[in-house]
Amino acid sequence: MISACHLYPDLLNLYGDRGNVIAFQKRCQWRNIPVQVINKSLGENMDFNKYDFVFLGGGSDREQNLIAADLMKRRDQFKEAVENGLVVLAICGGYQLLGRYYLTGDGRRIPGLDILDLYTRAGDTRLVGNAVIEMVQDGRRVKVVGFENHSGQTTLGKIKPLGKVLYGKGNNGRDGLEGARYKNVFCSYLHGPLLPKNARLTDYLIRLALRRRDVDLELKPLDDIFEERARAALLGRLGLKAN
């Protein structure tokens, strides 16, 4: 059984990001892959070594500050699980929390979990709109679609991006990069939510979660005709070819 943990679902659910967990769960269930989703919030016990997939979404500044303080108490265990192959999807504010720090507009430096080599600073304008990136999944280049809406501008250190921006602004509107990737940690500013819009990415995360259980399973194909049509329609509107 895959053990999936949704962190702080009561506090981090901007732009329907809960849909990422639903998509992951449903695409497992449609293949008769047993999956259990565990919700964890402030003050609750968490054992990251027991999970195969963790989702961390975005929220307001107040909520992120509460969560940062709560997660900081579990930081060492979280980092250990990441180093041991835990699959993590972190969106927007959750992405920022995994970095070294967040620099506010008035110059305050808010510490992050320092699990990933990156930092974020408050920007003067919001980066908003449809976005497309090209990322590598199991050795294949795949276009991933989503919607970005953030004012934080993230700069990567010695860490790979999730992908290259084909359309939109990405991490900071300057370097042409979007998100971050470290081992089985996937970070992105793409909402939408991300996984329902990108079935192949969802399946990639499922395969990685299974491998964490030492299960190398060929996933049964699903009928994704509507998902692929929607994705192709968006790419076409943006002047990009589907792949």
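The values are calculated or read from the model by the stated rules, or taken from the named source; none is laboratory data. No experiment lies behind these values; they were computed from the predicted model shown. Because the Cβ atoms are built from the backbone with ideal geometry, glycine has one as well, and the counts that use them run over all protein chains shown.
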Report summary line: Of those in segment 137-173 that are among the charged types (D, E, K, R) and in contact with a helix residue (DSSP H, G or I) (Cβ under 8 Å, 6 or more places away or on another chain), the residue surrounded by the fewest Cβ atoms within 10 Å (Cβ to Cβ) is D138
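Test of understanding: among A230, A131, which residue is closer than 25 Å to R27 by Cβ, surrounded by fewer than 16 Cβ atoms within 10 Å (Cβ to Cβ) and in contact with a Lys or Arg (Cβ under 9 Å, 6 or more places away or on another chain)?
A230
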Query - segment 97-110, residues that are touching an Asp or Glu at 6+ places or on another chain (Cβ under 8 Å) and crowded, with 24+ Cβ neighbours inside 10 Å - result: G99
Report summary line: Considering segment 198-218, residues that are surrounded by fewer than 16 Cβ atoms within 10 Å (Cβ to Cβ) and aliphatic (A, V, I, L, M), and then whichever is farthest from C28 (Cα to Cα), we arrive at V215
Query raised in the report: Is it the case that some residue within segment 207-224 is closer than 23 Å to G146 by Cα and among the β-branched types (V, I, T)?
Result: no
Requested in this report: Go through the residues of segment 28-42 one by one and say whether even a single one is within 17 Å of the chain's Cα centre (by Cα), modelled with pLDDT of 95 or more, on the phi < 0 side of the Ramachandran plot and of a type in the set (A, V, I, L, M).
Outcome: yes
Requested in this report: Need at least 2 residues that are in contact with a Phe, Trp or Tyr (Cβ under 7 Å, 6 or more places away or on another chain) and not charged (D, E, K, R) per element, so show me which helices (runs of 4 or more DSSP H) inside segment 142-243 make the cut, counting only ones lying wholly within it.
Outcome: 199-212
Query - Contacts under 7 angstrom Cβ, first residue in segment 119-138 being under 30 Å from R207 (Cβ atoms) and in contact (Cβ under 8 Å) with a residue 40 or more places away in the chain, partner aromatic (F, W, Y) and assigned to a strand (DSSP E or B), 6 or more apart - result: N130/F147; N130/Y167; A131/F147; A131/Y167; V132/Y167
Report task. Filter segment 100-109 down to residues that are in a strand (DSSP E or B) and either within 21 Å of the chain's Cα centre (by Cα) or under 20 Å from L177 (Cα atoms) (or both), then give me how many there are. Result -> 3
Query raised in the report: Does segment 117-140 include one or more residues that are outside any strand (DSSP E or B) and modelled with pLDDT of 95 or more?
Result: yes
Report summary line: In segment 71-96, residues that are crowded, with 18+ Cβ neighbours inside 10 Å and either in contact with a Ser or Thr (Cβ under 9 Å, 6 or more places away or on another chain) or modelled with pLDDT of 95 or more (or both) total 13
Query raised in the report: Regarding N65, is this residue under 17 Å from V215 (Cβ atoms) and not hydrophobic (A, V, I, L, M, F, W, C)?
Result: no
Report summary line: How many residues of segment 19-62 are surrounded by 16 or more Cβ atoms within 10 Å (Cβ to Cβ), out of contact with any Ser or Thr (no Cβ under 7 Å at 6 or more places or on another chain), touching a residue at least 40 places away in the same chain (Cβ under 8 Å) and within 17 Å of I91 (Cα to Cα)? The answer is 9
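Which residue out of G146, G173, G94 is among the small types (G, A, S), touching a Leu at 6+ places or on another chain (Cβ under 6 Å) and closer than 22 Å to F48 by Cβ?
Checking each option against the conditions leaves just G94.
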Requested in this report: Select from segment 191-241 the residues that are small (G, A, S) and in contact with a strand residue (DSSP E or B) (Cβ under 6 Å, 6 or more places away or on another chain) and write down the one among them that is nearest to G129 (Cα to Cα).
Outcome: G192
